[in-house]
1. Just to be sure before I move on: is Ala52 among the small types (Gly, Ala, Ser) and modelled with pLDDT of 95 or more in the structure I sent?
2. Would you pick out the residues in segment 111-120 that are surrounded by 15 or more Cβ atoms within 10 Å (Cβ to Cβ) and in a loop (DSSP other than H, G, I, E, B)?
3. Could you list, in sequence order, the residues of segment 1-18 that are exposed (fewer than 10 other Cβ atoms within 10 Å of the Cβ) and modelled with pLDDT of 80 or more?
4. Kindly check whether there is at least one residue in segment 115-126 that is within 16 Å of the chain's Cα centre (by Cα) and more than 26 Å from Ala34 (Cβ to Cβ).
5. Only one of (1) surrounded by 15 or more Cβ atoms within 10 Å (Cβ to Cβ); (2) within 28 Å of Arg149 (Cα to Cα); (3) modelled with pLDDT of 95 or more fails for Trp47. Which number is that?
6. Quick one: count up the residues across segment 85-99 that are closer than 16 Å to Ala46 by Cβ, part of a loop (DSSP other than H, G, I, E, B) and either of a type in the set (Val, Ile, Thr) or open to solvent by 40 Å² or more (accessible area, probe 1.4 Å) (or both).
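The values are calculated or read from the model by the stated rules, or taken from the named source; none is laboratory data. Fair warning: this is a prediction, and the values are worked out from it, not measured in the lab. Here the Cβ positions follow ideal geometry from the backbone for every residue, glycine too, while neighbour counts run over all protein chains shown. Just the protein is used for accessible areas: all its heavy atoms, side chains included, with ligands, DNA and RNA removed. Shrake-Rupley method; radii C 1.70, N 1.55, O 1.52, S 1.80 Å.
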Amino acid sequence: MSPFHSRRTLCRALLICPLAMGLWQGSQGLWIHAKAWLAQILLERAWSRTLAGEERPQPWPWADTWPVGRLLMPAHAVDLIVLAEASGRTLAFGPGHVSSTASPGAPGTMLLTGHRDTHFRFLQEVTVGERLEVVGRDGRRDYYRVTDRR
């Protein structure tokens, strides 16, 4: 093998390696978005089953959460399925309901959690007086007004 041939092979390898890594990383990014898109479709279906009376409809067979409510804020194009529990795994797919508080649609104080840079990003633009809507498992709608911006 000539020195020219081995250099040429080395140059090809040095070009192909970063290209292959870039393709792999790009496909990983696309996969994350594809999973998020599919999860929203599955959550919508599970929410429909919730409204139909199913007790704990899992969005996918291995899910450890289920829909317990829906959070709407039309002024900001917000329509989020609220999931049972407030674990990190749950919050990756949507806002979570803290189980020790009142359920969405039930009397009492309800606590919802979510990531401020994903599902709850819209809160940065909310102003005092705007209306927020919460739908419970029975389809009952409760309306709230934003009273503070702390």
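1. On the way: among the small types (Gly, Ala, Ser): yes; modelled with pLDDT of 95 or more: yes.
Criteria met by Ala52.
2. So in segment 111-120, the residues surrounded by 15 or more Cβ atoms within 10 Å (Cβ to Cβ) come out as 112-114, 119-120.
Listed by number, the residues that qualify are Gly114, His119, Phe120.
3. Pro18
4. Within segment 115-126, the subset within 16 Å of the chain's Cα centre (by Cα) is 115-123.
Next, only the ones that are more than 26 Å from Ala34 (Cβ to Cβ) stay: 123.
Yes, segment 115-126 contains a residue that is within 16 Å of the chain's Cα centre (by Cα) and more than 26 Å from Ala34 (Cβ to Cβ).
5. Evaluating Trp47 over (1) surrounded by 15 or more Cβ atoms within 10 Å (Cβ to Cβ); (2) within 28 Å of Arg149 (Cα to Cα); (3) modelled with pLDDT of 95 or more leaves (2) as the failure.
6. Residues of segment 85-99 that are closer than 16 Å to Ala46 by Cβ, as a first pass: 85, 89-90, 92-97.
Cutting the leftovers down to part of a loop (DSSP other than H, G, I, E, B) gives us 92-95.
Checking which are either of a type in the set (Val, Ile, Thr) or open to solvent by 40 Å² or more (accessible area, probe 1.4 Å) (or both) leaves us with 92-93.
Summing the residues that are closer than 16 Å to Ala46 by Cβ, part of a loop (DSSP other than H, G, I, E, B) and either of a type in the set (Val, Ile, Thr) or open to solvent by 40 Å² or more (accessible area, probe 1.4 Å) (or both) in segment 85-99 gives 2.
Table: residues versus (1) assigned to a helix (DSSP H, G or I); (2) within 14 Å of the chain's Cα centre (by Cα).
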site	(1), (2)
Arg7	yes, no
Met21	yes, no
Trp31	yes, no
Ala34	yes, yes
Leu38	yes, yes
Thr65	no, yes
Asp79	no, yes
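Quick grid of which residues meet (1) in a strand (DSSP E or B); (2) basic (Lys, Arg); (3) crowded, with 19+ Cβ neighbours inside 10 Å:
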position	(1), (2), (3)
Leu83	yes, no, yes
Thr101	no, no, no
Pro104	no, no, yes
Thr109	no, no, no
Phe122	no, no, no
Thr127	no, no, no
Glu133	yes, no, no
